[in-house]
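Participant: Have a look at this one before I ask anything.
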Amino acid sequence: MRNIIDNSKLTSADSMRRCRESEGRRKRRAVHLSLVKLGSRVVSPAKNHVKSGRISERRLDAPQRDGREVKTTSPRRLEQAWLAQHSAEYAGAWVALDDGKLLARGCSAREVLDAAKLEGYYQPLIVHIPSEPPLPFGGW
Amino acid sequence: MEHFLRFSERYAYDSRSEGITIPAVLSTGGNKVQLLAKIDTGSSNCLFDRGYGEALGLRIEEGVHQTYSTVNGRFEAYGHELSILVSGTETTTTAYFYADPTIGRNVLGRRGWLDRIRFGLVEYEQFVYLADYNQ
């Protein structure tokens, strides 16, 4: 017998609860030795990564216009490469990434953003990895 | 007759991603969140996973309610005023967050983003060209 869930009836809290249940099942199935427990829910492999007071590569490369630094976004190539490699492992999870590394995994954007900030990363890339590989988009 | 456009930015997008995916930073009230969004000329507005709105400290359902139609149905979203920084171009707009937490597609659409910039696309080379419309 299958459980059929009408997604349109789901609330954000329902979604988080399902995520936590799925995270629990995932943890029981496989123990990620490289992941370090941070707080009660978020796992992070980046605890020992030196970052406090570091100057990011992007900061050094920040474009200048008329001698002034111009606001811009990083192309996030390393993070996109990480996603191409690891999306299947983290299906359904929210992740915080920076410098091509996983900083935190959790059940909401807020949770992983806060965890990344605790690690000293203030502007990580936050991604909600789809539960299933994305199908080609049909447009209109 | 030839026509010329001038761009200040060029972004090489990742061919492994579905859609034309580009990093963007949403900011409001001193909070920021970085995400990956797809450029979508078919979308009326900019739409984002509600999780990002919650990370920015927004109460999603207190925004401007809007119903959208799709090819096979409809969905609800709520609009909030915020800034969107893509490459070197920042726009301030009403962006929408999906009511349904299971919808995760982040979209940079026409109103609020494409209508504030000049945009060029060379899919063969996987380059997006961008410039602030006013520059």
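The values are calculated or read from the model by the stated rules, or taken from the named source; none is laboratory data. If you're wondering where the values come from, they're calculated on a predicted model, not measured in any experiment. Methodologically, a virtual Cβ is constructed for each residue, glycine included, from the backbone with ideal geometry; neighbour enumeration extends over all protein chains shown.
Participant: Using the structure shown, decide if B:LEU5 is within 30 Å of B:VAL122 (Cα to Cα), loosely packed, with under 15 Cβ neighbours inside 10 Å, more than 9 Å from every other protein chain (Cβ to nearest Cβ) and not hydroxyl-bearing (Ser, Thr, Tyr).
Facilitator: yes
Participant: Within the bounds of region B:53-70, is there any residue that is hydrophobic (A, V, I, L, M, F, W, C), at pLDDT below 95 and over 17 Å from the mean Cα position of the chain (by Cα)?
Facilitator: no
Participant: Run down B:TYR78, B:TYR98, B:TYR52 and say which single residue is surrounded by 18 or more Cβ atoms within 10 Å (Cβ to Cβ), within 28 Å of B:ALA12 (Cβ to Cβ) and not basic (Lys, Arg).
Facilitator: B:TYR52
Participant: Pairs under 6 Å by beta carbon, first residue within 11 Å of another protein chain (Cβ to nearest Cβ) in region A:77-94, partner in a helix (DSSP H, G or I) and at pLDDT 90 or above, six or more apart or different chains?
Facilitator: A:TRP94/A:ALA109; A:TRP94/A:VAL112
To keep it simple, each residue is scored yes or no on (1) of a type in the set (A, V, I, L, M); (2) under 18 Å from B:LEU108 (Cα atoms).
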{"residue": "B:SER27", "(1), (2)": "no, yes"}
{"residue": "B:SER44", "(1), (2)": "no, yes"}
{"residue": "B:GLY51", "(1), (2)": "no, yes"}
{"residue": "B:GLY57", "(1), (2)": "no, no"}
{"residue": "B:GLU61", "(1), (2)": "no, no"}
{"residue": "B:GLN66", "(1), (2)": "no, yes"}
{"residue": "B:ARG74", "(1), (2)": "no, no"}
{"residue": "B:ALA77", "(1), (2)": "yes, yes"}
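Participant: Oh, and also: For a quick check of your reading of the model, give me the residue pairs whose first member lies in region B:110-133 and is of a type in the set (D, E, K, R), whose second is part of a helix (DSSP H, G or I), with beta-carbon atoms closer than 8 Å and at least 6 apart or on different chains.
Facilitator: B:ASP132/B:ARG116
Participant: Do you know which residues across region B:35-59 are at the interface with chain A (Cβ under 9 Å from one of its Cβ atoms) and closer than 25 Å to B:VAL122 by Cβ?
Facilitator: Once the filter is applied, which keeps residues that are at the interface with chain A (Cβ under 9 Å from one of its Cβ atoms) and closer than 25 Å to B:VAL122 by Cβ, region B:35-59 yields B:LEU35, B:LEU36, B:LYS38, B:ASP40, B:GLY42.
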